[in-house]
Amino acid sequence: MNEKMLEIMKNQKGFIAALDQSGGSSSKTLAAYGINETEYSSEEEMFDLIHEMRKRVFTSKSFTNEHIVGAILFEKTMLSKIGDEYTSEYLWNKKGIISFLKVDKGLQEEANGVKLMKEIPNFEEELQEANEHNVFGTKMRSVIYKANKEGIKAVVKQQFEFAKFICDHGLVPIIEPEVDINSAEKELCEDMLKEAIVEELNNWDSNRKIMFKFTIPSKENLYLSLYDYDCVVRIVALSGGYDIDTAVEKLAKNNRMIASFSRALLQDLNVNQTQEEFDKLLGDVIVKIYNASIN
């Protein structure tokens, strides 16, 4: 584990930009950016276009470590280059921004009100690859829809099992058990989720550093006490489908919770904007998210 990166991730003001859209969501991301499906004819072309979009974000003069501490990458992004450097190395060497790798491979069918992660093939090789590319940590997502204790416990158990494997490979995992913002039992789901996490943390080796990524909770500061555990580096928030204004308003009410937004970060950007327009819009939204993150 890179100690300098750990120090930044624990203490530096800022937020994490989530640019880890994978195969399933890439076409929607491109459409929102102004590139429709008629403009590419293969998955390879689609990924080339999404890399160009991400490259435009990463190289923008507005995308700096003054406001951003980390970026979450999809594997193909990590293995693609910006100029003559791989993306994660470019971000660290040129911008002083830490990279995380999205490692989950999608979700299983819903059972007990939740969707567990699918198994991760070639997991060890992927983690070795991340280490080779100067990546600091990983991110993996499950989803909770209903206040089903058994289902929520299964989500947390699986996340911590994967997290242990990741820690043992020298990386810091972001555990992301997303609670659906449209769940009729959102608040109860979050109470059950926290209870299950505390149970795991009480038996966790504090030398295995971890992070959490949560849906912004219905009860303000619900997760704040998780910082009492020495292993917890940072707690971050997903936008979960909220528009940018709603997301930052809710986030600002939660102490020591920083943003890790994706859709809310990119929602105003368009392929047809001039570089000046693009930089300004990106800069405006970055400052808005940053201010909510340091509140």
Worksheet item: Which trypsin sites (Lys or Arg not before Pro) does the range 43-124 hold that lie in a coil by DSSP with at most 12 other beta carbons within 10 Å?
Response: Lys61, Lys118
Worksheet item: Here are some values of Rg/Rh (Cα atoms, Kirkwood Rh): (i) 0.98; (ii) 0.94; (iii) 1.09. Which one was computed from this structure?
Response: (ii)
Item to complete: Please name whichever of Ser42, Gly151, Ser206 sits farthest to the positive end of the charge dipole of the chain, dipole taken about the Cα centre and charges placed at Cβ: Lys and Arg +1, Asp and Glu -1.
Response: Ser206
Worksheet entry | For the range 164-228 and the range 232-256, distance of Cα centres in Å | 14
Practice prompt. Calculate the spin-label point distance for Glu124 paired with Ala32, positioning each point 7 Å from the Cα along the beta-carbon direction, and give it in nanometres.
Written response: 3.7
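Counting only GluC sites (Glu not before Pro) that sit in a DSSP loop (anything but H, G, I, E, B) with at most 16 other Cβ atoms within 10 Å, what is the longest stretch of the chain containing none of them?
My reading of the result: 120-219 is the longest stretch.
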Discussion item. Compute, for the chain, the length of the dipole vector about the Cα centre, with Cβ point charges of +1 (Lys, Arg) and -1 (Asp, Glu) only. Units Debye, rounded to 20.
Written reply: 780
Practice prompt. With runs of 4+ DSSP H residues as the only contributors, calculate the mean residue ellipticity of the chain at 222 nm using -39,500 (n - 2.57) per run, divided by the residue total and rounded to the nearest 500.
Written response: -12500 deg cm²/dmol
Worksheet, complete the sentence: Once amide hydrogens are built 1.01 Å from N within the peptide plane, the residues lying 5 or more places from Val172 or on another chain with amide H under 5 Å from its amide H are Gly137, Thr138
Worksheet entry | Distance-filtered residues of the range 55-93 - backbone nitrogen under 20 Å, label point 7 angstrom along Glu43 Cα→Cβ | 73-81
Worksheet item: For the charge dipole of the range 3-293, defined by +1 on Lys and Arg C-beta atoms and -1 on Asp and Glu C-beta atoms about the Cα centroid, which residue among Phe278, Ile216, Met140 has the Cα displaced farthest towards the positive pole?
Response: Ile216
Fill in: Approximate spin-label separation Asn11-Lys219, in nm, with each point projected 7 Å along Cα-to-Cβ
3.2
Response to the item:
Of all trypsin sites (Lys or Arg not before Pro) in the range 184-270, the ones in DSSP coil with at most 14 other Cβ atoms within 10 Å are Lys219, Lys253, Arg256
Fill in: Residues of type lysines that Lys250 reaches as a straight line, Cα spacing below 16 Å, ignoring anything fewer than 8 places off in the same chain
Lys186, Lys213, Lys219, Lys288
Fill in: Distance between modelled label sites at Arg256 and Glu277, nm, 7 Å Cα→Cβ extension
4.3
Item to complete: Could you list which residues have their amide H under 5 Å from that of Ala71, counting only those 5 or more apart in sequence or on another chain, with H placed in the peptide plane?
Response: Ala17, Ile98, Ser99, Phe100
Item to complete: Mind pulling the angle between the C-alpha long axis of helix 149-167 and the longest principal axis of the chain? Nearest 10 degrees, somewhere in 0 to 90.
Response: 60
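What net charge is computed for the residues neighbouring Lys105, neighbours being all others with C-beta under 11 Å from the C-beta of Lys105, Lys and Arg scored +1, Asp and Glu -1?
Its environment carries a net charge of -1.
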Worksheet item: Which order results if Ser262, Ser41 are arranged by neighbouring Cβ count within 10 Å, fewest first?
Response: Ser41, Ser262
Worksheet item: Tally Lys/Arg at +1 and Asp/Glu at -1 over every other residue whose Cβ is under 14 Å from the Cβ of Glu7; what's the total?
Response: +4
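Laboratory data are not the source of any read-out in this text; all were calculated from the coordinates shown. No experiment lies behind these values; they were computed from the predicted model shown. With ideal geometry, Cβ positions are generated from the backbone for all residues, glycine too; neighbour counts draw on all protein chains shown.
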